[in-house]
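**Q** Supplied in structure tokens, the structure appears directly below.
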Amino acid sequence: MLLSEIAARLGCTIAGEVDPEIQSLSGMEQASPGQLTFLANPKYAHKVKDSQASAIIAAQPSAYLPTLISTNPYLDFARALELFYQPPQMAKGISPQAYVSPTAKIGPGASIAPFCYVGDDVEIGANCTLHAHVVIYAGARIGNDFLAHSHSVVREFCRVGDRVTLQNNTVVGGDGFGFAKRADGTHHKIVQSGITVVEDDVEIQSLTNIDRATMGETRVERGAKVDSLVQVGHACVVGQDNILCSQVGLAGSTILKKSVLLAGQVGVSGHLTIHDNAVVYAQSGVGHDVDPGTIVSGSPAFDFREWRRAVTAFPKLGEIVRTVRDLESRLKSLEEGQKPDEPKTNS
């Protein structure tokens, strides 16, 4: 595909006199002739001159490569990828090796692979794709254009919107972690009678569980993206357009408002709110509400600028302690009427 064809498809303009043929896409350092790359972060601009790519997507014209001018190079690189790669498409229809309950309602255009299970009174909209070993429990309600990869599960009575993608081994509506302690120290399981609701345009990555609520609901709101190995506890709310990176854990009744970003391995204690556009850096522990638009880090998490100063000082704490002790010793000597370097004498 010529660069000019890609530009037309993406709505970009071209800077440069050459119109190379593009065969595929690659990162800047790995690119070879015939490939298109991108520059999203200006701090890496110095690497462009060494790239072997035939062209680049960037916000400004490059002196080294023909350039597709884009206001959002990373987004347009993602869109360009779609021009060159499409995942294999399953054949339409329901495999005779799948079980679909007679009381289930499946919309037109379905692709249901062997060894899937669709329980009683399930409703699934148009154009669903269920890969092998997907399980949909009784009473679930799922919208249009649903894509579920192998071994993903939607539990009983849960609600899933349109254009939702579940990657492998995802569980929507697993039991919340609720137990009442008996007098003898053993634990009585609390029935998890609520549901999980996943709204439109959500993607949930592999090996992630969105717990159902004890009562009421757990909700993942429109456009949220949840990475692999994430645990969302019962009665949580994951807000619109949130990003939850790998190994995030939300304890029960956590509320994340709109456009929150939790980096990898963030832990959040329950019954608190992280407000709109807040960012929590990786490996932070959040035990209190986070104000809108703030960035926090550390465990316990606090303002990231203070955290940077603190982590810079941390390796020097031993030296600081020794200095403080020395100063305390000198001060004590002065208070006793001696010069700091003179030995103490008995009168």
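The numbers here are math on the coordinates, done by the rules we state, and not lab data. Keep in mind the model is a prediction, meaning the values are calculated, not measured. Every residue, glycine as well, gets a Cβ built from its backbone with ideal geometry; the counts of neighbours run over all protein chains shown.
**Q** Considering the Cα trace of segment 102-170, what is its radius of gyration and what is Dmax, both in angstroms?
**A** Over segment 102-170's Cα set, Rg and Dmax evaluate to 10.2, 27 Å.
**Q** May I ask which residue of Leu229, Ala148, Val197 lies farthest towards the positive end of the charge dipole of the chain, with charges of +1 (Lys, Arg) and -1 (Asp, Glu) on Cβ and the Cα centre as origin?
**A** Result: Leu229, furthest along the dipole toward the positive end.
**Q** Let me ask another. Ranked highest first by the average count of other Cβ atoms within 10 Å around their residues, in what order do 191-204, 80-93 fall? Before the final figure, lay out each step's value.
**A** Values: 191-204: 20.4, 80-93: 11.1.
Result, highest mean first: 191-204, 80-93.
**Q** Can you give the convex hull volume per residue for the Cα atoms of segment 177-287, as a whole number of Å³? Working shown, then result.
**A** On the way: hull volume 10.6 nm³, N = 111.
It comes to 95 Å³ per residue, whole-number rounded.
**Q** Which value, in nm² and rounded to one decimal, describes the direction-averaged projected area of the C-alpha convex hull of segment 280-339? Write down the numbers at each step before the final one.
**A** Numbers: hull surface 24.1 nm².
Mean orientational projected area (segment 280-339, Cα hull): 6.0 nm².
**Q** May I pose another question? With springs only between Cα atoms under 10 Å, which of Val324, Val153, Val268 fluctuates most in a Gaussian network model of the chain?
**A** Judging by the Gaussian network model, the answer is Val324.
**Q** May I ask you to sort Lys189, Lys105, Lys225 by Cβ crowding, counting other Cβ atoms within 10 Å and putting the fewest first?
**A** Values: Lys189 10, Lys105 13, Lys225 17.
Least to most surrounded, the residues fall as Lys189, Lys105, Lys225.
**Q** If you average the C-alpha positions of segment 247-261 and of segment 62-119 separately, how far apart do those two centres end up, in angstrom?
**A** Distance between centres, Cα-based: 28 Å.
**Q** State, in angstrom, two size descriptors of segment 3-84 derived from its alpha carbons: Rg to one decimal place and Dmax to the nearest whole number.
**A** Answer for segment 3-84, Rg first and Dmax second: 10.8, 29 Å.
**Q** Mind computing the radius of gyration and Dmax over the alpha-carbon atoms of the chain? Å is fine for both.
**A** 28.1, 103
**Q** Non-local amide H neighbours of Ser299 (under 5 Å, H modeled in plane, Pro and chain starts lacking H): which ones?
**A** Those lying under 5 Å, H to H, from Ser299 are Gly285.
**Q** What percent of all Cα-Cα pairs in segment 219-261 falls into each 10 Å bin, going from 0 up to the bin containing the maximum distance?
**A** Per 10 Å bin, starting at zero, the Cα-Cα P(r) for segment 219-261 comes out as 35, 63, 2 percent.
**Q** If one computes the Cα centroid of segment 135-162 and of segment 6-35, what distance in Å separates the two points?
**A** 39 Å
**Q** Quick one: Phe115, Phe77, fewest Cβ neighbours within 10 Å first, how do they rank?
**A** Values: Phe115 16, Phe77 22.
If I rank by nearby Cβ atoms, fewest first, I get Phe115, Phe77.
**Q** Further, regarding this structure: As a check on your grasp of the helix formula, calculate [θ] at 222 nm for the chain: sum -39500 (n - 2.57) over DSSP H runs of n ≥ 4, divide by the residue count, round to the nearest 500.
**A** Values: 4 runs with 49 residues, N = 347.
Per the formula, -4500 deg cm²/dmol.
**Q** Output ³J(HN,Hα) for segment 159-171: one whole-Hz value per residue in order, computed from phi by the Karplus curve 6.51 cos²θ - 1.76 cosθ + 1.60 with θ = phi - 60°, and x for Gly and Pro.
**A** Along segment 159-171, the couplings run 10, 10, x, 7, 6, 9, 10, 10, 7, 4, 6, 7, 10 Hz.
**Q** Let me ask you something else. Scan segment 276-329 for trypsin sites (Lys or Arg not before Pro) in coil per DSSP, keeping those whose Cβ has at most 14 other Cβ atoms within 10 Å, and list them by number.
**A** Working: sites: Arg305, Arg308, Arg309, Lys316, Arg322, Arg325; in loops: none.
When the trypsin sites (Lys or Arg not before Pro) of segment 276-329 are filtered for loop state and at most 14 Cβ neighbours within 10 Å, nothing remains.
**Q** Right, something else. Which residue fluctuates the most in the chain, going by a Gaussian network model with Cα springs under 10 Å, if the choices are Pro300, Pro66, Pro96?
**A** Pro66
**Q** I want to verify the translational diffusion coefficient of segment 1-160 in µm²/s; compute it with Stokes-Einstein, Rh as the Kirkwood radius over Cα pairs, at 10 °C and 1.306 mPa s. Intermediate values should be presented prior to the final figure.
**A** On the way: Rh = 18.3 Å.
In µm²/s, the coefficient rounds to 87.
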